[in-house]
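As structure tokens, the structure follows; a few thoughts come after it.
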Amino acid sequence: MLLRVDLSSFWGLITSESSLAALWLSLRTAATSTVLCVLLGTPLALVLARSSFPGQRFLRSLILLPLVLPPVVGGIALLHVYGRAGLLGQHLEVMGLSIAFTTTAVVIAQTFVSLPFLVVGLEGALRSAGTQYEGLAATLGAGPGTVLRRITLPLVLPGLASGAVLAFARSLGEFGATLTFAGSLQGVTRTLPLEIYLQRETDPDAAVALSLVLVAVAIAVVGLSAPRARAAARGVR
């Protein structure tokens, strides 16, 4: 791509109105979906790592399903749940709430495909950290909330941060579920991957330039997550 890009027009291509709108929308929705992944994934990882109950394997399989499921299939599933005639969408429409083909749909699609990355990373960190410090704190009179806040979360913070970074990267690059569930409306649902796909048909130079932007972001994300992964490994040793 570096050999293919037109350097003389590179800056103009990535700063066009449609490119900036897609980039800003991608960053905003990816950040929102990452926050949702942390809020939803942290308790899920805690349940999977710190408890044993009937149906645990099924719950884990359900959470990990987006890792192997084609994103477009996930988008169709979301459409049948939150679409105007969907399982929940039809009731939301009655209340005047429309989700499909909105920015909210982009966030939901990104969260759907990104959540497993955070859960897997955090569950692994929780299992590696063990329960000895938590048990010791409990014997000294600390309550469950105090143990979670003062012992568990600080121990697995590098794993949580690494999982959040990976979830952000996955959200930023999400394409199939977003296109199927949210569509491609400029400034509303057209994220950077969708903009690249459309530009590929009309302006290949712009598609290459925007692809390089995503590559640069991916390299930055890997650079941010690698030190945290090493820190987590040192903590385990």
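Residue count for segment 1-27 satisfying the condition of being part of a helix (DSSP H, G or I) and in contact (Cβ under 8 Å) with a residue 40 or more places away in the chain: 12.
Per the conditions (1) closer than 23 Å to Leu214 by Cβ; (2) in contact with a Pro (Cβ under 9 Å, 6 or more places away or on another chain), the sole criterion not satisfied by Leu65 is (1).
Here segment 149-170 is the region considered, the condition is being in contact with a Leu (Cβ under 8 Å, 6 or more places away or on another chain) and not β-branched (Val, Ile, Thr), and the residue that is surrounded by the fewest Cβ atoms within 10 Å (Cβ to Cβ) is Leu153. Just a yes or no: is a residue in segment 58-70 free of Cβ contacts under 8 Å to residues at least 60 places away in the same chain, touching a helix residue (DSSP H, G or I) at 6+ places or on another chain (Cβ under 9 Å) and not hydrophobic (A, V, I, L, M, F, W, C)? Checked segment 58-70: at least one residue is free of Cβ contacts under 8 Å to residues at least 60 places away in the same chain, touching a helix residue (DSSP H, G or I) at 6+ places or on another chain (Cβ under 9 Å) and not hydrophobic (A, V, I, L, M, F, W, C).
Counting just the residues of segment 109-140 that are among the polar types (S, T, N, Q), part of a helix (DSSP H, G or I) and modelled with pLDDT under 90, which one comes out farthest from Leu44 (Cα to Cα)? First the steps, then the outcome.
We begin by selecting, within segment 109-140, every residue among the polar types (S, T, N, Q); these are 110-111, 114, 128, 131-132, 139.
Still in the list and also part of a helix (DSSP H, G or I): 110-111, 114, 128, 132, 139.
Filter again for modelled with pLDDT under 90, leaving 128, 132, 139.
Values: Ser128: 16, Gln132: 21, Thr139: 25 Å.
Across segment 109-140, the extreme among qualifying residues is Thr139.
Given (1) within 14 Å of Phe181 (Cβ to Cβ); (2) at pLDDT 90 or above, where does Arg84 come up short, assuming only one miss? Against the list (1) within 14 Å of Phe181 (Cβ to Cβ); (2) at pLDDT 90 or above, Arg84 comes up short only on (2).
How many residues are part of a helix (DSSP H, G or I) and within 17 Å of Pro66 (Cβ to Cβ) if we restrict to segment 168-203?
Qualifying residue count, segment 168-203: 13.
Residues that are touching a helix residue (DSSP H, G or I) at 6+ places or on another chain (Cβ under 9 Å) and surrounded by fewer than 20 Cβ atoms within 10 Å (Cβ to Cβ) within segment 13-23 comprise Ile14, Ser16, Ser18, Leu20, Ala21, listed in sequence order. Considering only residues that are in contact with a Ser or Thr (Cβ under 9 Å, 6 or more places away or on another chain) and assigned to a helix (DSSP H, G or I), look in segment 83-103 and name the one that is surrounded by the most Cβ atoms within 10 Å (Cβ to Cβ). The qualifying residue surrounded by the most Cβ atoms within 10 Å (Cβ to Cβ) is Gly89. Of the residues in segment 120-134, at least one is crowded, with 23+ Cβ neighbours inside 10 Å and of a type in the set (Asp, Glu). Which residue, of Val147, Val188, is more than 14 Å from the chain's Cα centre (by Cα), modelled with pLDDT under 90 and hydrophobic (A, V, I, L, M, F, W, C)? Of Val147, Val188, the one residue that is more than 14 Å from the chain's Cα centre (by Cα), modelled with pLDDT under 90 and hydrophobic (A, V, I, L, M, F, W, C) is Val147.
The values are calculated or read from the model by the stated rules, or taken from the named source; none is laboratory data. The model shown is predicted, which means the values in this text are computed figures rather than measured ones. Virtual Cβ from ideal backbone geometry, glycine too; neighbours counted across all protein chains shown.
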